[in-house]
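The values are calculated or read from the model by the stated rules, or taken from the named source; none is laboratory data. Predicted, not measured: the structure shown is a model, and the values here were computed from it. Note that we place each Cβ from the backbone using ideal geometry, even for glycine, and neighbour counts take in every protein chain shown. Side chains are part of the model used for accessible areas, which takes the heavy atoms of the whole protein and leaves out ligands, DNA and RNA. Shrake-Rupley method; radii C 1.70, N 1.55, O 1.52, S 1.80 Å.
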Amino acid sequence: MANEILEEHINKDYEWGFTTNIDADEAPKGLNEDIIKFISAKKNEPEWMLEFRLKAFRNWQNMVEPEWAHVSYTKPNFQDIIYYSAPKPKKELASLDEVDPELLKTFEKLGISLEEQKRLSGVQSNIAVDVVFDSVSVKTTFKETLAEKGIIFCSFSEAVQDHPELVKKYMGMAVPPTDNFYAALNSAVFTDGSFCYIPKGVRSPMELSTYFRINASGTGQFERTLIIADEDAYVSYLEGCTAPQRDENQLHAAVVEIITHKNAEVKYSTVQNWYPGDKDGKGGIFNFVTKRGICLEDNSKISWTQVETGSAVTWKYPSVILKGNNSVGEFYSVAVTNNYQQADTGTKMIHIGKNTRSTIISKGISAGFSNNSYRGLVQIKKGASNARNFSQCDSLLMGDKCGAHTFPYIEIKDKSAVVEHEATTSKIGEDQLFYCKQRGIDNEKAIGLIVNGYCKEVLNKLPMEFAVEAQKLLAISLEGSVG
Amino acid sequence: MISIKNLHASIGDKEILRGINLEVKAGEIHAIMGPNGSGKSTLSSVLAGREDYDVTEGEVTFNGKNLLDLSTEDRAREGLFLAFQYPIEIPGVSNINFLRTALNEIRAYHGQEEMAAKDFLALVKEKSKLVELDAKLASRSVNEGFSGGEKKRNEIFQMAMLNPKLAILDETDSGLDIDALRIVATGVNKLKSKDNATIVITHYQRLLDYIVPDFVHILYKGRIVKSGGKELALEMEAKGYDEIKKEFEIAD
Ligand SMILES: Nc1ncnc2c1ncn2[C@@H]1O[C@H](COP(=O)(O)OP(=O)(O)OP(=O)(O)O)[C@@H](O)[C@H]1O
Ligand SMILES: [Mg+2]
């Protein structure tokens, strides 16, 4: 498989680096209460939503940007960012046919043809997509098909209008607006994102997916995703992201919250491919994201799978609070850094309920001059009897100018807990490369094979289409890194 | 097939090959024997193109091409195959996927299309039968967790799949039980044709009962010090290397 994948991608540049010329409706630069009111008014939000934002903003003003992560970068100037940018529709859209053709072209380039999606609607196995372009959600597909099952899948803004009781009840439950600096910022200025509610007893008949795209320059992207799985519900959720190639650093500070009720399960998969900056470390996205799920009730399960290849700086710890008894949290991660990229990523597994279990599999790959850190917390609270955790953190180094670091934190307050931690660091083996080459496989393909093999446990967790995309990305991200 | 003239190779300051001369023609089987550390594996690594070694002198012609000018992968694509003394593990990469990649790379080099999945699987079936390789091993990760004998058998399976012009088998017999030895040897014999050649590196005459060599060479301290027919192997097994060592003793 790696074969075809690599052949398709001989181009070493960031392929998704194009921009789209679309008229945008933008807020003026800078951040203050007026901007927040502007955003809220643009979205025609109810009073309670504006209150939520302003409260978060006031909190944020008293917070300091965290510095504990193993990354260094020039802090963004928060007054120099545009907090709202929407592709300007030519008129009110009645159907997909009226979407700006430029926008449709962008999606085609990205490999998501909404036309195709529309034609295929009704096909059970397809994927429903919500597309967030800069600050707003431009199109959600399959909405009607899903509605038949009672599934709500729409943009966050729509959810605020149409399902305020659900948004009010769950927003901020997993990630309170005061949680951390970036989460507070997001809570104040978030512009859109996806909302998903799976009702009692329903298994989503298709994968749900959000595609994020930062397009306009000078903007930040602050989207929020909220996923709720009611009793006995199941959904697999995918998130993809790209951005144009720009010399400036752009800020992406998202919040994702997942809540599972009794016996419910949510699988959340991300292939993160924000623009990483050029080979000298110029430009690229600052990806400061808070993702957290709560297994609110018994026997529920949340699993995060992420393949992180993009961004100049990544700061991200998808976590699970295991509150319900017998609940299960999983974190499967591949993080690749090349050139001057920096990633500090990992997870937190907070065991509160009895018989809760968590698994952490982290595969870091560092190349070039990059730095790649795993940071993880396993916390077993008092009363979380028979809690179990297994963590495995592997680092693979390519070359000798990059760094791999592991920061595991373990806090155990219940004696019955069983916590296992394994960590390995290896260099991509000259022996393995020679062996491949002796069989006729060239250097780049050999690296692709070896790296995909190394990440297999994580890639196997991804839905099929995503796994293929992820393999391609891994190979491309590492091209030219050993040789 | 291959013509090696006055080949010198060193690692760091240490010269390991000190003037190897060897001519192998299509259809021939050559055996190379010699005490531990004499340079047998080094010779095969240098021919295969391992970059740790510096070739300081000499020439190697392979099918009319200057072998030393070719990259490691191009040597393989030209038909040079090395069955490793210590096969390498590649976790997470299935044997099948590995071989399919290799085979298609070789085909692409020769301007051939990728092999259709169906034909490839048929080939896997045919060739695994040849070395009686357990079907499960074909789908497991390359050599990962294989027993010593399974790894060796897998090398011959790969050789059968890739159908090289010149195969160098570096102590493929070591670690094989008697049955496996016979199976592997039978496989090698079945793959033999008038168009390909094999170099068998071994310590044991026993293998040469199954794979009968046309020539036997004794490598000692980086040189071929003696060559002969298959009876030379018997002679060495009976007498050991003492005489050779005395006769060709040289300073390191
Ligand atoms: N990478 C290396 N670094 C240092 N010395 C090396 C290296 N590779 C080989 N040598 C040395 O070169 C000599 C020849 O080694 P080689 O492995 O070719 O011997 P061999 O004939 O295959 O031995 P055996 O029968 O034990 O397999 C030995 O002295 C060995 O220690
Ligand atoms: Mg040897």
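The chymotrypsin sites (Phe, Trp or Tyr not before Pro) of the stretch B:1-107 include none that DSSP puts in a loop with a beta carbon having at most 10 other beta carbons within 10 Å.
Among the listed pairs A:K456/B:K192; A:K348/B:K136; B:K5/B:K194; A:K168/A:K262, a Cα-Cα separation exceeding 26 Å is found for A:K456/B:K192; A:K348/B:K136. Using the alpha-carbon centroid of each, what span in Å lies between the stretch A:421-438 and the stretch A:253-274? Distance between centres, Cα-based: 33 Å.
When Lys and Arg each count +1 and Asp and Glu each count -1, what net charge do the other residues less than 14 Å away from A:P66, Cβ to Cβ, add up to?
On the way: positive: A:K75, A:K316, A:R375; negative: A:E65, A:E67, A:D179, A:D344.
Value of the local net charge: -1.
If R0 is taken as 22 Å, the Cβ-Cβ distance between A:N460 and A:H421 corresponds to a FRET efficiency of 0.50. Across the accessible surface of the stretch B:2-247, with the other protein chains kept in place and a 1.4 Å probe, carbon and sulfur atoms take up 48 percent. Sparse packing (at most 11 other Cβ atoms within 10 Å of the Cβ) combined with a DSSP loop state is found for the following trypsin sites (Lys or Arg not before Pro) in the stretch A:405-483: A:K415. Averaged over its residues, the protein assembly as shown has an accessible area of 40 Å² per residue, based on protein heavy atoms and a 1.4 Å probe. Interface residues of the stretch A:401-440, defined as a loss of at least 10 Å² in heavy-atom accessible area between the chain alone and the complex of all protein chains with a 1.4 Å probe, are A:E430, A:D431, A:Q432, A:F434, A:Y435, A:C436, A:K437, A:Q438, A:R439, A:G440. Close amide-amide hydrogen proximity is noted between B:I168 and B:F81, B:L82, B:A83, B:I199, each under 5 Å apart and 5 or more residues distant or on a separate chain (H modeled in the peptide plane; Pro and chain starts excluded).
Of the listed pairs A:K37/A:K323; A:K29/A:K461; A:K55/A:K279; A:K427/A:K461; A:K445/B:K226, which have alpha-carbon separations greater than 31 Å here? Could you put the intermediate results ahead of the total?
Values: A:K37/A:K323 36 Å; A:K29/A:K461 41 Å; A:K55/A:K279 41 Å; A:K427/A:K461 24 Å; A:K445/B:K226 42 Å.
Pairs exceeding the cut-off: A:K37/A:K323; A:K29/A:K461; A:K55/A:K279; A:K445/B:K226.
Exposure check, 1.4 Å probe, all protein chains in place: A:S327 carries approximately 0 Å² of accessible surface.
Given chain B, what percent of its DSSP beta bridges are antiparallel, to the nearest 5? The antiparallel fraction comes to roughly 60 percent. Among the residues of A:446-455, the average count of other protein chain beta-carbon atoms within 10 Å of the residue beta-carbon is 4.
Summing Lys, Arg as +1 and Asp, Glu as -1, what charge do residues with Cβ under 15 Å from the Cβ of A:W315 carry, A:W315 excluded? Neighbour charge sum, excluding A:W315 itself: +1.
Using only side-chain charges placed at the Cβ, +1 for Lys and Arg and -1 for Asp and Glu, the dipole size of the protein assembly as shown relative to its Cα centre rounds to 1400 debye. Remark on A:G368: its backbone amide H falls under 5 Å from those of A:N339, a criterion applied only to residues 5 or more positions apart or on other chains, H modelled at 1.01 Å from N. The helix-only estimate of mean residue ellipticity at 222 nm for chain B, built from DSSP H runs of length n ≥ 4 each weighted as -39500 (n - 2.57), is -11500 deg cm²/dmol after division by the residue total. Computed from backbone phi, the HN-Hα couplings of the stretch A:67-79 come to 10, 6, 5, 7, 9, 9, 6, 7, 4, x, 8, 5, 8 Hz, rounded to whole numbers (Karplus: 6.51 cos²θ - 1.76 cosθ + 1.60, θ = phi - 60°; Gly and Pro given as x). Using a 1.4 angstrom probe on protein heavy atoms only, the contact between A and B buries about 2400 square angstrom of accessible area, both sides summed.
Here the spin labels are modelled as points 7 Å beyond Cα on the Cα-Cβ line, and at A:M173 and B:Y210 they lie 6.6 nm apart.
In this structure, A:H70 and A:W48 have a Cβ-Cβ separation that, at R0 = 45 Å, corresponds to a calculated FRET efficiency of about 0.70. Projected onto the charge dipole of the protein assembly as shown (+1 at Lys/Arg Cβ, -1 at Asp/Glu Cβ, origin at the Cα centre), which of A:F369, B:F120, B:N66 gives the Cα projection farthest towards the positive end? Looking along the dipole axis, the top candidate is B:F120. Of the residues A:H421, B:H8, ranked by 1.4 Å probe accessible area with the largest first, the sequence reads A:H421, B:H8. Backbone phi angles across the stretch B:10-27, fed through the Karplus curve with coefficients 6.51, -1.76 and 1.60 (θ = phi - 60°), yield HN-Hα couplings of 9, 10, x, 8, 8, 7, 9, 9, 10, x, 8, 10, 7, 10, 10, 9, 4, x Hz in residue order; Gly and Pro are listed as x. Cross-link reach is defined here as a Cα-Cα straight distance under 16 Å, omitting same-chain residues fewer than 8 places apart; for B:K245 the aspartates and glutamates meeting it are B:E235, B:E237. Protein-only accessible surface at a 1.4 angstrom probe places the residues A:E33, A:E65 in the order A:E33, A:E65, largest first.
Residues whose amide H comes within less than 5 Å of that of A:H405, counting only those at least five positions distant or on another chain, are A:N372, A:S373, A:Y374 (H built at 1.01 Å from N in the peptide plane).
Rank these residues by their accessible area, most exposed first, probe 1.4 Å: A:F38, B:F157.
Details: A:F38 65, B:F157 0 Å².
Solvent-accessible surface, decreasing: A:F38, B:F157.
Summarising the label geometry, the points placed 7 Å from Cα in the beta-carbon direction at B:L68 and B:L121 lie 4.7 nm from one another.
Counting only other residues whose beta carbon sits under 11 Å from that of B:S128, what net charge do I get with K and R as +1, D and E as -1? Present the calculation step by step, with values, prior to reporting the outcome.
Working: positive: B:K125, B:K127, B:K129, B:K136, B:R153; negative: B:E126, B:E132, B:D134.
Spelling it out: positives minus negatives among the neighbours equals +2.
Each residue of the stretch B:76-88 is assigned a 3J(HN,Hα), and the resulting list reads 4, 5, 6, x, 9, 10, 10, 8, 5, 5, 10, x, 8 Hz, derived from the Karplus form 6.51 cos²θ - 1.76 cosθ + 1.60 (θ = phi - 60°), x at Gly and Pro.
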